[in-house]
Amino acid sequence: MTDKKPDSLPVEKYRPTSLNEVKGQEEIVTTVRKFVTSGKLPHLLFYGPPGTGKTSTIIALAREIYGPNYKNMVLELNASDDRGIDVVRNQIKNFASTRQIFGMGSNSNGGSSMKGERLFKLIILDEADSMTNVAQNSLRRIIEKYIKNCRFCILANYSHKLNPALISRCTRFRFNPINEESIRERMKTVILKEKVEIEDDALDSLLTLSNGDMRRALNVLQACKAALGQDSVNNVIDIDMIYDCIGAPHPQDIENCLDSILKDDWTTSYLTLLKYKNVKGLALIDLITGFIELLGKYKLKSKTRLEILKNLSDIEYGISRGGNDKIQTSAIIGVIKDAMEFEK
Ligand SMILES: Nc1ncnc2c1ncn2[C@@H]1O[C@H](COP(=O)(O)OP(=O)(O)OP(=O)(O)O)[C@@H](O)[C@H]1O
Ligand SMILES: [Mg+2]
């Protein structure tokens, strides 16, 4: 046994260390920085889908403000760990009621800092939407009580899960899914640093499949690198690897299945679908989603399209209710073949 571990690519390794490294959220970064430089930092609420940089942004911001004093001045609470309000209240109370620190923002990193203002302590409440309603309610009072020396930054995926009164105490920023160009830029840096290569079409698929979630993109890249293993001969990530690692069906497989339904007789189509399901591990639900996407690109009469969509959605519902796999597979073939009759 060798103790040589495969070189991993932990997502944490590529967490932005400064605000400049936060990609695709430039407007938010600029606005928040202005708050800091003008010394008027309000309570903040960052919300939006996973992997878009909420936690990274606030941590990078805090590093810019506090530099080496980060540990004394910032309290990071993960609301989904410490769900009870008593825990939160006590931790905040202990942290906030220690002696206030006055002075200028430390600027050792060359970043911006609060100028000439009393320096607020920062309490980061991550994943606040998983806090109970009671906890959120009492948080309102806590926020007001410590307003003299603390600023809160609340992070959440869904703003609708937050108490409206809590939201109204904060300046809100919505983090949108990161655009493909920004993810591409970041991926290129990571690929270079990790000394792997990626084919152009593989990178394109990685960007599309990650759906604006940078964490997902990094995770897939990490899985692909692990799949390459120690094999130093072949260091190139190709498109098949991306689909395999992400667990998404390969578009070519979906196309072959649909082709078979459209062109072959019923039995051949059935056997083809069965083969792809067994050999490639395609799930019926993936097939339905893939067919709908593909058929969207075909020129069809609206009646045909309507029939297919209506019936496939019924099948999808059937599958979600635990319908029999073989029956549902047959039904898919039947639905598409039937609807295609309108094209004749
Ligand atoms: N805008 C971004 N720029 C650069 N890297 C990013 C960005 N967003 C996310 N990442 C990468 O993805 C990882 C996860 O990001 P982060 O924890 O900030 O996401 P989040 O928005 O807080 O997600 P969640 O809602 O799941 O908590 C980071 O370690 C970082 O490597
Ligand atoms: Mg987060």
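The values are calculated or read from the model by the stated rules, or taken from the named source; none is laboratory data. A quick note: this is a predicted structure, and the numbers were derived from the prediction, not measured. Neighbour counts run over all protein chains shown; Cβ positions are idealised from the backbone, glycine included. Calculation scope for accessible area: heavy atoms of the full protein, side chains included, ligands and nucleic acids excluded. Shrake-Rupley method; radii C 1.70, N 1.55, O 1.52, S 1.80 Å.
Of note:
- Within the option set L300, L306, L262, L258, being touching a residue at least 40 places away in the same chain (Cβ under 8 Å), open to solvent by 50 Å² or more (accessible area, probe 1.4 Å) and within 20 Å of F342 (Cβ to Cβ) holds for one residue only, L262.
- Residues satisfying the stated conditions in segment 172-230, i.e. among the basic types (K, R) and part of a helix (DSSP H, G or I): R184, R186, K188, K193, R215, R216, K225
- Where N278 falls short, out of the listed (1) part of a helix (DSSP H, G or I); (2) in contact with a helix residue (DSSP H, G or I) (Cβ under 9 Å, 6 or more places away or on another chain): (2)
- D81 within 16 Å of ligand 2 (Cβ to nearest atom) and at pLDDT below 75: yes
- Taking the criterion of being in a helix (DSSP H, G or I), in contact with a Gly (Cβ under 8 Å, 6 or more places away or on another chain) and either modelled with pLDDT of 95 or more or surrounded by 21 or more Cβ atoms within 10 Å (Cβ to Cβ) (or both), the residues of segment 50-71 that qualify are K54, E64, I65, Y66.
- Residue count, segment 191-214 (criterion: surrounded by 19 or more Cβ atoms within 10 Å (Cβ to Cβ) and within 16 Å of ligand 2 (Cβ to nearest atom)): 2
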